[in-house]
Protein chains: 2
Amino acid sequence: MDQTVPKTAKTGAPAREARDALQLRSEQHVEMRTYRDANNVNFQRMCVDGEELSGGSEKDLRNAAKSLIKALELRKEYMGRIGTHFPATTLNFVNGKYPDELRKLREKSKRSVETMYPLETPEPWGGELPNYERTYHLRRGHGIVEVTDGFQIVPELQPYYVAREEFLEDYKWLNEISANGPLKTFCFKRLSFLKEHFSLHVLLNEKLENDEQRAVSHRDFYNVRKVDTHIHAASAMNHKHLLRFIKKKMRTDANEVVMKEKSGEKVTMEELFGKMGIRPYDLSVDMLDVKADKDTFHRFDRFNTKYNPIGRNELREIFIKTDNYVNGQYFAQLMKEVFADLEESKYQQMEPRISIYGRSMGEWVKLARWAVTNNVCSQNVSWVIQVPRLFDLYRAKQDLKTFDQFLDNIFTPLFEVTNDPNSHPELHRFLKHVSAFDSVDDESKTEDVAFSNDMPEPDEYKTEKNPPYSYYLFYMYANLTALNAFRTIRKLNTFALKPHCGEAGSLNHLSTSFLTSESIAHGLMLRKVPVLHYLFYLAQIGIAMSPVSNNNLFLQYSRNPLPDYFKQGMNVSLSTDDPLQFHDTKEPLMEEYSIACQMWNLSPCDKCELARNSVVQSGFEERLKLHWLGPNYKEEGVLGNDPSCTNVPDIRISYRHETLVNELINLYKARMLPK
Amino acid sequence: MDQTVPKTAKTGAPAREARDALQLRSEQHVEMRTYRDANNVNFQRMCVDGEELSGGSEKDLRNAAKSLIKALELRKEYMGRIGTHFPATTLNFVNGKYPDELRKLREKSKRSVETMYPLETPEPWGGELPNYERTYHLRRGHGIVEVTDGFQIVPELQPYYVAREEFLEDYKWLNEISANGPLKTFCFKRLSFLKEHFSLHVLLNEKLENDEQRAVSHRDFYNVRKVDTHIHAASAMNHKHLLRFIKKKMRTDANEVVMKEKSGEKVTMEELFGKMGIRPYDLSVDMLDVKADKDTFHRFDRFNTKYNPIGRNELREIFIKTDNYVNGQYFAQLMKEVFADLEESKYQQMEPRISIYGRSMGEWVKLARWAVTNNVCSQNVSWVIQVPRLFDLYRAKQDLKTFDQFLDNIFTPLFEVTNDPNSHPELHRFLKHVSAFDSVDDESKTEDVAFSNDMPEPDEYKTEKNPPYSYYLFYMYANLTALNAFRTIRKLNTFALKPHCGEAGSLNHLSTSFLTSESIAHGLMLRKVPVLHYLFYLAQIGIAMSPVSNNNLFLQYSRNPLPDYFKQGMNVSLSTDDPLQFHDTKEPLMEEYSIACQMWNLSPCDKCELARNSVVQSGFEERLKLHWLGPNYKEEGVLGNDPSCTNVPDIRISYRHETLVNELINLYKARMLPK
């Protein structure tokens, strides 16, 4: 892949520069031919010879490299601030360590299975609450909670408050380069190259990879860890499960009061179903009618009503909500049944997403109390908080006066409990199990205005129009950045931002998430923005994809970009999104893998790589990741791979690593091309 | 759909005939517009108006109708002889009852759920053996077992001995019309019409169908019966299941002798795995390596070796064979675990196929003893016997001298036990659980010679070349015809012929099965023979399709004809073929449905129709079918449908029935067109 400098200096550079270019070229030749991830991993590698790199002029090439590198530097800065993982290889390039210090020979040491980290099971809700000597003053400013000493923001936190002007400048620049013609061409060609290159790799090395997998004792796809990286808690059970649960409750809890009418009248379970004219025996999944069907394709509005069993909002309220007349006990029982199934399967984990709406200040405490009281937790589960973008709705109903109030409801309790855990003890305990925040709504809705400096500040945002995606995301990012810095001082766990992004709608959702988010869910639209697509590759940003869900809502299975993304080496994982609406069997995640497998002829090696990606992307605690991926999992390339845990062949990991390194070398060399 | 007579008499018929044609046309108009399956099923029907029927000349049309009707008459005769189901509607046309006696108004009576047939569980292996007063002499003639009184074939059985000359004549004629240009065009157009017509039907009636389904109390896709109509017993468990079983046995039966070397040395389980260098802990599904992968596509040879766990024939021998050193007890245990899973799911049944090779005379008795001794049976299971077409192999190894010996080994024991159950008591009992015979092998192998009168009779067939598909099938048909007639006299259950057919290979496999087989497995090649394709539709011949299997062996999922067949109203069902090689989850049949559902956007109504088809096609006892499909299930159209059992809306059944009736009316009217 040493194809950096065009043979003839088309720009008419003087002789000396042409000589330098040649010199540079021949150095690269040597470097590229000898670079190997690890010296003891042998497979059939391809060496691309010749001079051209994707056929642009030198100027275009240099500019492309400069823009892409600047974008990576930006992301590094933004991720550094929010305290989010940045992949080691790319980071070493951005930090200027590579390519110079790239080791040419690395030996992979063999590790015996016995050295695996022991797994203690800690007390799920933690022990005593910490008592901090110092507490701070909290105040609101520019839509963010400011942690002050009474007068000004605490100095050690100051760097973590990001100005929206800065974000807007970077965001604007990123949108500009995404639309730059020569850069688009460059990125598109590199992505095409990556895809075809992988196909050749598989043709040449398929058997070697299979043999390597077979040689791994005990481990196979069934007992490698796989995380369902994107699943909504309210639809985490499949429709048959929900049906069975409702039927059971109709029998056992017939005389329980389950709701209160607006008139104040109490209604028992029996009365409720009596009014609907339904006996337990009659109920079927057809009647339940929560499954997505032909009518939901491109109809997200219809899809949302599918959350109502038998089309009745009351049933949704009673069975799959946390805050209702029965204190969410039915939903808690349902979730615990789902968790029990996971624990039984042992190797399946999930990151269920549960809502905080920002409609009132008490939501957090209620949610935390629900979780702690009902003990809704599991070793196989890490919670994600999803914030629906429904400001316009609450504003129209007069629940909220400004967007600042919305942010206040969502973030202030978190700062308070970080400042003093005793302020909301249950929330403090619950947050231990939360790893990330999600922003969620129908992305295909039109956005009337773009986020710019002309937009009002949150406390001035009073219209009933919904702010655009980037406005929501920026303020979530800004609050989380400050919150995480604060929590880091307190030695508490921090939160990543993992929004729904690129499922549909405007392409600038993707530039927003490039700056703000650790990983995203869906990312279908990336295929239409080659520059961001390539940047997502270079920065190895996680994408939790749900092709079965897409197939029912936004994009036919046969047109899903997942197989292309995977070939290109994007960091993609498989997830179910909404088993309640989409899946038929008792094992939705396995069903998702199985369908993908048949559709795209995935090999066992491909499946294990997808599973490994899902664990890497997930927000589970470090001690668990060490146990699941191996003790060196943060090392680059093959040195970080432990086939006895992941069942991914070293060959595959080497291939991925070498390919990424080569792309980055190309860029960093191209930047130095003579003008 | 009243489009029978071209407007202008293109053939220049005299005025009187043109008048008659007009008269005929207007009668049809009335008839077609008023014909409804049942008077109380309302939905949006389409009335096709105008004169043309698929645009051919009157002569072509008349000839097409004549050929198709003759083919249907032939099938009726062949099926009548072997004692196989022929669908009532088509039969009424063939018998001349319709269209004249077609009732224009039918009222569907409502039946309450309570009248369901009670299900007694009979003693699985039957009580005392019957003692027949009269026994017959058996002798071989023309490859068939002849039941004689010592001199000649018993008179009441005489009509059931079919001469191969007769078959060859019909077979040849059928191949000729399959290649007839105008007829091909005609059938192709009708099939296209059927497909598009269905799409319109769904667009117009989808909501009505859904509403009808939702109104059915208690019943949904999960609790309608579905039969896995095509599954090989040796691969009925998925690979994870087999792995778990082998691991368990390695622990519990380490010191059991499991095989004998050729040297006579006895080998224990522990020694066997010791030789392979495998500890129980090490084993993984990757190592087991029974899953089909990219290398098996179009490589049936490779696929067959996938039956060998860890590539070792010994393990196949020990774990998934009935006749081995451990008397097949491991395989029996495995099968019983599979059956237990089915019984737990309650609504899933299967028809596992198990081999009789025809290599030696003792096979039947061994197989029956294995089944009866180990009690390998279940209410959810009906056995099918598969006969691999491996004569050439056994002949080459000198196990067999003639093809007649092959047939002798397969069929003579069946005649003997029918003649006198006491001759092989266990076989008599086992056969109660057998419903059909299958012929199985790689159809894509080239066939050197075609079946003709020039081919030697079975007792003269001594070469090492394999006879063609049609030769095998004819002799299986001929023997089963006589055997079924004999068993009918004895009041014993009879057997259908349900071969693998049209998975690949020559198109004349399909004409063979049209004459000989009740239903077929696969039928992919039908899409290339419009005449047979249309005939399969008219005769509603069952097709057990396995798209996941095809996807791994012969045809990509996206190109599978199943969705087209389904739209056309072919009698198709879904089956798994080989869960061991293809499926990932604990519920292979549900996985198969789920994948089909996502791929082709099947509605709950479509799924229930497929499930209903699978039960209709299956060979389960009448009392079970009555229980599963409703007491009138043999009635035509909507009168035979019981949504409280099948969850298929009456609208769908009406649509299918009316469409079929219209096609048949068209044909029978077209036959009477003036010359």
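3J(HN,Hα) along segment A:375-386, derived from phi through the Karplus expression 6.51 cos²θ - 1.76 cosθ + 1.60 where θ = phi - 60°, amounts to 6, 7, 8, 6, 4, 8, 10, 10, 7, 10, 9, 9 Hz, with x in place of Gly and Pro. Rounded to whole numbers, the Karplus 3J(HN,Hα) couplings from phi for segment B:224-235 are 9, 6, 9, 9, 6, 7, 8, 8, 7, 4, 5, 10 Hz, using 6.51 cos²θ - 1.76 cosθ + 1.60 with θ = phi - 60°, and x at Gly and Pro.
Restriction of the chymotrypsin sites (Phe, Trp or Tyr not before Pro) in segment A:413-519 to DSSP coil positions whose beta-carbon has at most 12 other beta-carbons within 10 angstrom yields no sites. Rounding to the nearest 10 and keeping the result within 0 to 90°, find how far the Cα-based axis of helix B:181-215 lies from the longest principal axis of chain B. On a 0 to 90 degree scale, this one is about 80.
Under 5 Å from the amide H of A:THR494 lies no amide H of any residue 5 or more positions distant or on a separate chain, with H modelled from the backbone and absent for Pro and chain starts. Measuring r between the beta carbons of A:LYS432 and A:SER452 and using R0 = 35 Å, the FRET efficiency lands at 0.35.
Of the accessible area of the protein assembly as shown, with the probe set at 1.4 angstrom, what percent is carbon plus sulfur?
50 percent
Annotation note: chymotrypsin sites (Phe, Trp or Tyr not before Pro) in segment A:277-315 located in DSSP loop regions with a Cβ neighbour count of at most 14 within 10 Å are A:TYR281.
Across q = 0.09, 0.12 Å⁻¹, chain A modelled as identical point scatterers on its alpha-carbon atoms has Debye log10 I(q)/I(0) values of -0.81, -1.40, in the order of the q list. One compactness figure for segment B:293-441 is 1.11, namely its Cα radius of gyration divided by 2.2 N^0.38 Å. The per residue volume of the convex hull around the alpha-carbon atoms of segment A:490-547 is 89 Å³.
Between A:GLN44 and B:GLN44, the modelled label-to-label distance comes to 5.6 nm, taking each label 7 Å out from Cα in the direction of the beta carbon.
Using the Cβ atoms and a cut-off under 12 Å, what net charge is assigned to the surroundings of A:ARG244, where Lys and Arg are +1 and Asp and Glu are -1?
Residues close to A:ARG244 contribute a combined charge of +4.
Could you tell me the calculated FRET efficiency between A:SER263 and A:ARG312, based on Cβ-Cβ distance and R0 = 25 angstrom, to the nearest 0.05? Given R0 = 25 Å and the Cβ-Cβ separation, E is 0.90.
Taking 0.36 nm per residue of separation and subtracting the Cα-Cα distance, full extension of the segment from B:THR373 to B:LYS397 would add 5.5 nm.
Near A:LYS321, the amide H atoms lying under 5 Å from its own belong to A:PHE331; only residues 5 or more places off or on other chains count, and H is placed 1.01 Å from N.
In percent, rounded to a whole number, the relative contact order of segment B:416-516 is 38, using alpha-carbon pairs under 8 Å and six or more apart. Return one number: the angle in degrees, 0 to 90 and rounded to the nearest 10, between the long axis of the Cα atoms of helix B:363-373 and the longest principal axis of the Cα atoms of chain B. Approximately 80 degrees, to the nearest 10. Both the radius of gyration and Dmax for the protein assembly as shown are 35.3, 119 Å, in that order, over alpha-carbon atoms.
Just to confirm a number: summing +1 for Lys and Arg and -1 for Asp and Glu over residues other than A:LEU510 whose beta-carbon lies under 15 angstrom from that of A:LEU510, what do you get? Before the final figure, lay out each step's value.
Working: positive: A:ARG75, A:LYS172, A:LYS184, A:LYS498, A:ARG527, A:LYS528; negative: A:ASP170, A:GLU176, A:GLU443, A:GLU447, A:GLU503, A:GLU518.
That works out to 0.
Per-residue accessible area (protein heavy atoms, 1.4 Å probe) orders B:SER263, A:SER506, A:SER511 as B:SER263, A:SER506, A:SER511, starting from the largest. Working from Cα pairs under 8 Å separated by at least six residues, relative contact order for chain B is 23 percent. Note that segment B:184-272, at 10 °C in a medium of 1.306 mPa s, gets a Stokes-Einstein diffusion coefficient of 81 µm²/s from its Kirkwood radius over C-alpha pairs.
Phi angles across segment B:525-537 convert, under the Karplus curve 6.51 cos²θ - 1.76 cosθ + 1.60 with θ = phi - 60°, into 3J(HN,Hα) values of 6, 3, 4, 9, 10, x, 5, 5, 3, 5, 5, 4, 5 Hz, Gly and Pro given as x.
Could you state the orientation-averaged shadow area of the convex hull built on the Cα atoms of segment B:358-463, in nm² to one decimal? Over all viewing directions, segment B:358-463 projects a mean Cα-hull area of 8.4 nm².
Looking at chain B, the DSSP beta bridges with both ends there are about 25 percent antiparallel. Counting only protein chain heavy atoms and rolling a 1.4 Å probe, the accessible areas of A:LYS260, B:LYS491, B:LYS401 rank, largest first, as B:LYS491, B:LYS401, A:LYS260. With Rh defined as the Kirkwood radius, the inverse of the mean 1/r over Cα pairs, the Rg/Rh of segment A:134-187 is 1.30. Label-to-label distances for A:GLN556 across copies, nearest first, come out at 1.3 nm, using points 7 Å from Cα in the beta-carbon direction. Of the GluC sites (Glu not before Pro) in segment B:197-305, the ones in a loop by DSSP (not H, G, I, E or B) with at most 13 other beta carbons within 10 Å are B:GLU261, B:GLU265.
The B:GLU344 and B:GLU128 beta-carbon pair, evaluated with R₀ = 30 Å, returns a calculated FRET efficiency of approximately 0.40.
Quick check: the angle from helix A:58-82's long axis to the longest principal axis of chain A, C-alpha only, nearest 10 degrees? Here the helix axis deviates by roughly 40 degrees. When Rg and Dmax are taken over the Cα atoms of segment A:566-631, they come to 13.1, 38 Å.
Between the amide H of B:GLU146 and those of B:ARG139, B:ARG140, B:GLY141, distances stay under 5 Å, these residues lying 5 or more places away or on another chain, with hydrogens modeled in the peptide plane.
The values are calculated or read from the model by the stated rules, or taken from the named source; none is laboratory data. Fair warning: this is a prediction, and the values are worked out from it, not measured in the lab. Neighbour counts run over all protein chains shown; Cβ positions are idealised from the backbone, glycine included. Keep in mind that these areas ignore ligands, DNA and RNA; they rest on the heavy atoms of the full protein, side chains included. Shrake-Rupley method; radii C 1.70, N 1.55, O 1.52, S 1.80 Å.
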